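Here the structure is laid out as structure tokens; the discussion comes afterwards.
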Amino acid sequence: MRLLCFLATCAIALAQPAPPVPTWDAYRFLLGEWVGVGGGKPGEATAGGFSFRLDLGDRVLIRHNTSDYPAHDGRPAAHHEDLMVVEPAGRASYWDNEGHVIAYAVEAAEGRWRFLSPATPGAPRFRQTYTKTGPDAVKID
């Protein structure tokens, strides 16, 4: 019975016309592999990087990120990984190896890309901004 329901759902989905593939023009400056630069000071990563790539027939944008932090102030060294899936509708979903799950609204403009979590009383708000600073350079804050 479950297989029949699954096949019926697939048939309905295939019968619907596909929406146009997004152009992702405002995001193109970020596509590719990036190496992070950190000084290794307390709270700064010593190594890391991230990548942005189109996936699922260019219908979503995927970001993978890793960072390594040295031990300091009695805290052990740490390794951070996260994954973000960006939808063309201006939304993104984020997950990391520390158990965080964050929904973002996305604002894209020429040379700048901003993620902002919703304001929720009693909860922190998260923001990430990528700004193009040169042909092969991006500032993240």
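The values are calculated or read from the model by the stated rules, or taken from the named source; none is laboratory data. All figures in this text were calculated on a predicted structure; none of them were measured in a lab. Note that each Cβ is placed from the backbone with ideal geometry, even for glycine, and that neighbours are counted across all protein chains shown.
In region 49-71, what count of residues is obtained for those that are assigned to a strand (DSSP E or B) and either β-branched (Val, Ile, Thr) or within 24 Å of TRP24 (Cβ to Cβ) (or both)?
Qualifying residue count for the region: 14.
Select, from VAL35, VAL86, VAL106, the only residue that is touching a residue at least 40 places away in the same chain (Cβ under 8 Å), in contact with a strand residue (DSSP E or B) (Cβ under 6 Å, 6 or more places away or on another chain) and on the phi < 0 side of the Ramachandran plot.
So the residue among VAL35, VAL86, VAL106 that is touching a residue at least 40 places away in the same chain (Cβ under 8 Å), in contact with a strand residue (DSSP E or B) (Cβ under 6 Å, 6 or more places away or on another chain) and on the phi < 0 side of the Ramachandran plot is VAL86.
Do you know which residues across region 85-135 are assigned to a loop (DSSP other than H, G, I, E, B), closer than 18 Å to PHE50 by Cβ and of a type in the set (Asp, Glu)?
Selection gives GLU98 alone.
Scan region 37-44 and tell me whether some residue there is of a type in the set (D, E, K, R), surrounded by 13 or more Cβ atoms within 10 Å (Cβ to Cβ) and either at pLDDT below 90 or out of contact with any helix residue (DSSP H, G or I) (no Cβ under 6 Å at 6 or more places or on another chain) (or both).
So far as region 37-44 goes, yes, one or more of its residues are of a type in the set (D, E, K, R), surrounded by 13 or more Cβ atoms within 10 Å (Cβ to Cβ) and either at pLDDT below 90 or out of contact with any helix residue (DSSP H, G or I) (no Cβ under 6 Å at 6 or more places or on another chain) (or both).
Could you please find all residues in region 108-125 being of a type outside the set (Gly, Ala, Ser) and either farther than 25 Å from VAL35 by Cα or within 13 Å of the chain's Cα centre (by Cα) (or both)?
TRP113, ARG114, PHE115, LEU116, PRO118, THR120, PRO121, PRO124, ARG125
Which residue out of GLU87, GLU98 is acidic (Asp, Glu) and more than 11 Å from the chain's Cα centre (by Cα)?
From the options GLU87, GLU98, the qualifying one is GLU98.
Would you pick out the residues in region 49-73 that are modelled with pLDDT of 90 or more and buried (at least 16 other Cβ atoms within 10 Å of the Cβ)?
Scanning region 49-73 gives PHE50, PHE52, LEU54, VAL60, LEU61, ARG63, ASN65, THR66, SER67.
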